[in-house]
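Before any comments, here is the structure.
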Amino acid sequence: MIAFIQNIYYLSLLLLREEMREPGWLFWSVTFPFIIMVALFLQTTDSLNAKLFPIMLSFVSVVTAIRSTGAYLVGRREANFLQAFVSFPVAQKRYVLAQIIAGFVFTGIIVAAFGTLSSLFFNDVTIAENLHQIMRALGVVFCVICAGSVLNLIPLKFQTIMGLVTSTYAPMLLLTFAELIRFPNNMALALINTINPIAVGASFIGNNNTSWLVLTIWLIVCLGLLSATITWFNLETRWDK
C-alpha cells in the first residue's frame, strides 16, 4: 500500500511537470477569458459587473480541468504511451489517479492565479469574496476532472475529440451569460443550463442559491464517469475512418 501511494506521488509530480511545460492551455485558460473581460471593461466607466466574476472563474475551471486530465488521457493513448507503460489493471488505476492529482493541482494553480488577477477588474469583489469564490471553484475543478476522464473511453482520435469538446465552450459560456446576467428570470434558460457545466459551476461559485438536487446529481454523474473510466480504461489507439 505504501509503495502504491509513493508511486502515485512520484508519477503525479512527473505528470504535473509535463503539464506545466505544455503551452496549449494558454489560449482557453487565460488569453480568451482575459480578452472577453478587457473588451467588456472598455465599455464600462468604473468596473465590471460582479456577477461576471464567478462566470469567468467557472469557465476557466471547466476548460482547464478538461484539458488537464481528459485531454491528456486521450493524447497519451494516441501516442501509444498507455499501451507501453500502463498495460496492467493496477498500473492503469495508479496512472488515472496520478493524472487526476496532477490535473487538480495544475488547474488549481491556474484558477487561483486567474481569480487573483481578474479581481482587479471588479471594484465590488472584496479579497474575502475572491478567496471564497476561488475555494468554491476548486470544487468545480474536482468534479470536471472526474467527469473529463471519460474522454478516454470515446473511440475517436485526439484531434476529433478535442475539436468536438472545444466547439461547446462558446455556446456554454453564452448560455451562462444569458441566464445569469441578461435574462435571470427566464425559466427556459434556467432549465437548459442545468446541463451546462459552466452555468452550474458559476452558480455554485457565486453562491446563487443553486439547487442542491442539481448539485447532487452532477456530483453523482461526475463520480460515476470517473468510475466508468477506471473500470473500462481504454489503451487502444483510435483512428477515424
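The values are calculated or read from the model by the stated rules, or taken from the named source; none is laboratory data. No experiment lies behind these values; they were computed from the predicted model shown. A quick note on method: Cβ atoms are made from the backbone with ideal geometry, for glycine too, and the neighbour counts reach across all protein chains shown.
A few remarks follow.
- Subset tally (residues that are small (Gly, Ala, Ser) and crowded, with 17+ Cβ neighbours inside 10 Å) for the stretch 147-177: 3
- Restricted to helices (runs of 4 or more DSSP H) entirely inside the stretch 1-80, those with at least 3 residues that are more than 21 Å from LEU120 (Cα to Cα) and either at pLDDT 80 or above or polar (S, T, N, Q) (or both) are 2-21, 52-65, 72-78.
- Test: residue in the stretch 129-144 that is surrounded by fewer than 20 Cβ atoms within 10 Å (Cβ to Cβ) and at pLDDT below 90: yes
- First in the stretch 22-44 and more than 28 Å from GLY75 (Cα to Cα), second anywhere and not in a helix (DSSP H, G or I), Cβ under 6 Å, 6 or more apart: LEU40/LEU48; PHE41/LEU48
- Of the residues making up the stretch 136-156, those that are farther than 17 Å from PRO197 by Cα and in a helix (DSSP H, G or I) number 2.
- Residue check, ALA178 assigned to a helix (DSSP H, G or I), in contact with a Pro (Cβ under 9 Å, 6 or more places away or on another chain) and small (Gly, Ala, Ser): no
- Hits in the stretch 84-98 - residues which are aromatic (Phe, Trp, Tyr) and modelled with pLDDT under 85: PHE85, PHE88
- For VAL125: the one exception among (1) part of a helix (DSSP H, G or I); (2) surrounded by 16 or more Cβ atoms within 10 Å (Cβ to Cβ): (1)
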